[in-house]
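**Q** If you scroll down you'll find the structure; I have some questions about it.
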Amino acid sequence: MKIPEITIQNIFKIPTLGIGTWEMGGRQNADTSEDDKFIHAIRFALENGIRHIDTAENYANGHTEEVVGNAIKAFDREKLLIT
């Protein structure tokens with residue numbers, strides 16, 4: 001199934017569906033016990049058409065951004081929107 005897209009500022013096409021990362025890698029503090037599961041989930045989403053990842057540096061005291069970074073290593077960063 002193809003995910004509908006929108007165009008941002010007449011330049012960047014992005015699917016209307018994204019993935020949020022709150023609680024991936026912990027809440028207030030880092031919890032690495034399920035990192036592999038979260039990395040797999042993010043990669044699965046990207047492999048299936050998702051290109052928008054929403055995260056924040058205060059999620060799990062910055063650890064969530066590390067999880068996202070590990071998950072996207074094999075993907076073309078220019079085709080992703082990370083907010």
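To keep it simple, each residue is scored yes or no on (1) without any contact (Cβ under 8 Å) to a residue 24 or more places away in the chain; (2) β-branched (Val, Ile, Thr).
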site	(1), (2)
14	no, yes
17	no, no
21	no, yes
25	no, no
28	no, no
36	yes, no
39	no, yes
43	no, no
50	no, yes
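**Q** I've got another one for you. Please work out which residue is nearest to the chain's Cα centre (by Cα), limiting yourself to the range 24-50 and to residues that are charged (D, E, K, R) and at pLDDT 95 or above.
**A** 43
**Q** Counting only residues that are among the β-branched types (Val, Ile, Thr), give me the strands (runs of 3 or more DSSP E) lying completely in the chain with at least 2 of them. Spell out how you get there, then give the answer.
**A** Details: elements: 5-8, 12-15, 52-54.
Correct list: 5-8.
The values are calculated or read from the model by the stated rules, or taken from the named source; none is laboratory data. Quick caveat: nothing in here was measured; it's all calculated off a predicted structure. Backbone-built Cβ (ideal geometry, glycine too); neighbour counts: all protein chains shown.
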